């Protein structure tokens, strides 16, 4: 510590150690942090797809056992979630009736033409429309 540091009351040694640290170590630490976050995000995606209700259950998965490809995607994620679902079924809820798939388009009801009806069908249809019987 020099005289200027004593006057201000600051200690520069921790800052000097940060400057003296190897930049490759910093890059490696950033890379490890990035890969861990990417793995957690991909695990969350697989868990939601599998119907996991409580994402805190992902803590039960050992990250070292999860295999990833070059892009960071989880290899055999469905099998991993199926295994977890067999072991801890309470983490997964019943499949929801609300679906993201759209409902099929409804086809308009095509009424039978009068020419295609028999005499009895025509009389019944006309009576239903007019509420009068002829």
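List of remarks:
- As a rough guide to protection, the peptides 65-75, 49-59, 110-120 ranked by mean Cβ packing within 10 Å, highest first, stand as 49-59, 65-75, 110-120.
- Cα gyration tensor, the range 33-134 - rounded (a/c under 1.5), prolate or oblate: prolate
- Each of 45, 61 was scored by other Cβ atoms within 10 Å of its Cβ. Listed from fewest to most, they are 45, 61.
- The range 61-90 and the range 41-60 have Cα centres lying 9 Å from one another.
Bear in mind that the values in this text are calculations on the coordinates, not laboratory data. What you are looking at is a predicted structure, and each value in this text was computed from that prediction instead of being measured. Positions of Cβ are generated from backbone atoms using ideal geometry, with glycine treated the same way; all protein chains shown enter the neighbour counts.
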